[in-house]
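The values are calculated or read from the model by the stated rules, or taken from the named source; none is laboratory data. Values in this document were obtained by computation on a predicted structure and should not be read as measured data. Quick reminder, even Gly has a Cβ in these numbers, built from the backbone with ideal geometry, and neighbours come from all protein chains shown.
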Amino acid sequence: METMLAVSKSSQFRQGVQAGVSIAIGYMPIALTFGLLAKTTGLSLFETVLMSLIVYAGAAQYISLNLLSLGTGVFEIVLTTFILNIRHFLMSASLNEKVEQDALWKKALYAFGITDETFAVAATKEGTVTTSYMFGLNAISYGSWVISSGIGHLVGASLPQSLQESMSVALYAMFVGLLVPALKKQRKTIWLAGLAAIANSLFLFVFHFSKGWAIVGATLLAAVIVELFYKESGEADCG
């Protein structure tokens with residue numbers, strides 16, 4: 001009986017790994033770019049890999065690099081990361097209804113590895129999602145992100161200093177690349193981006209906030225205003 005259970009767990013783990021292969025491949029170029037930019041920002045190889053190990057969140061890590069380059073304080077960076085990743089509470093709660101019952105520490109362990117991509121794969125899987133499946137899915141995705149980050153840093157270290165310094169432009173190009181498709185699809189995103197830009201400018205040049213707090217404040221203010229506006233518009237339409 002124990003042998004059959006072990007075989008079943010091993011099979012579920014392999015299925016999770018197989019399901020995560022496409023995610024791992026997709027993470028490689030993004031993580032490589034992150035490692036490269038981390039090198040140009042001034043992070044060491046150890047710091048770069050450690051950030052990917054602990055944070056494991058693409059958008060948050062890219063924004064953290066930008067905040068670090070601006071000399072932002074630790075608290076502002078942590079708060080910004082929390083705001084960006086707050087959706088993970090909802091994803092974890094939703095996935096908890098689909099996964100098998102298991103020890104809390106096991107759930108907490110694989111919950112750390114939940115990303116937008118791994119959540120989508122697990123949520124759309126037919127039937128109950130086992131703990132072994134989640135560990136397999138997360139293991140290959142997480143490993144790809146961390147290892148590729150380190151490789152990106154090593155590649156960046158081999159580039160000429162002048163090219164390393166010019167690579168900082170790629171960080172802004174990445175943000176533009178993430179923003180433009182969303183702008184085309186949703187008017188809400190245009191309002192968010194526009195209000196955040198205006199609020200950030202006001203906080204910086206009128207109220208003389210630090211750069212870190214200006215970004216945090218602008219993000220929160222824009223999100224609240226746009227959400228309230230669309231909520232009121234929706235209620236008005238319904239009425």
>> With the requirement that a residue be crowded, with 19+ Cβ neighbours inside 10 Å, aliphatic (A, V, I, L, M) and not in a helix (DSSP H, G or I), what does the range 26-59 give you?
In response: Leu43, Ala57
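Can you tell me which residue among Leu95, Leu70 is closer than 25 Å to Thr219 by Cβ and either outside the structural domain of Lys211 (by TED's automatic domain parsing) or charged (D, E, K, R) (or both)?
Values: Leu95 fails: closer than 25 Å to Thr219 by Cβ.
So the residue among Leu95, Leu70 that is closer than 25 Å to Thr219 by Cβ and either outside the structural domain of Lys211 (by TED's automatic domain parsing) or charged (D, E, K, R) (or both) is Leu70.
Hey, can you tell me all the residues within the range 89-139 that are under 20 Å from Met51 (Cβ atoms) and hydrophobic (A, V, I, L, M, F, W, C)? Lay out the reasoning, then the answer.
Pass one, the range 89-139, residues under 20 Å from Met51 (Cβ atoms): 109, 111-118, 138-139.
Scanning the range 89-139 gives Leu109, Ala111, Phe112, Ile114, Ala139.
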> Yes or no: Leu67 more than 20 Å from Gly143 (Cβ to Cβ) and either among the hydrophobic types (A, V, I, L, M, F, W, C) or touching a residue at least 24 places away in the same chain (Cβ under 8 Å) (or both)?
Replying inline: yes
>> If Ala157 meets every condition in (1) at pLDDT 90 or above; (2) hydrophobic (A, V, I, L, M, F, W, C); (3) within 27 Å of Pro29 (Cα to Cα) apart from one, which number is that one?
In response: (1)
>> For the range 95-144, which positions are of a type in the set (Asp, Glu), touching a helix residue (DSSP H, G or I) at 6+ places or on another chain (Cβ under 6 Å) and under 21 Å from Ala59 (Cβ atoms)?
In response: Glu117
>> I need the full set of residues from the range 210-225 which are crowded, with 18+ Cβ neighbours inside 10 Å, of a type in the set (A, V, I, L, M, F, W, C) and without any contact (Cβ under 8 Å) to a residue 60 or more places away in the chain, in order please.
In response: Ala214, Ala218, Ala222
>> Return the residues of the range 73-129 that are outside any loop (DSSP other than H, G, I, E, B), among the β-branched types (Val, Ile, Thr) and within 25 Å of Lys9 (Cβ to Cβ); say none if nothing qualifies.
In response: Val99, Thr118, Val121, Val129
> Of the residues Gly58, Gly35, which single one is more than 19 Å from Ala111 (Cα to Cα) and either touching a Cys at 6+ places or on another chain (Cβ under 9 Å) or assigned by TED's automatic domain parsing to the domain that holds Leu159 (or both)?
Replying inline: Gly35
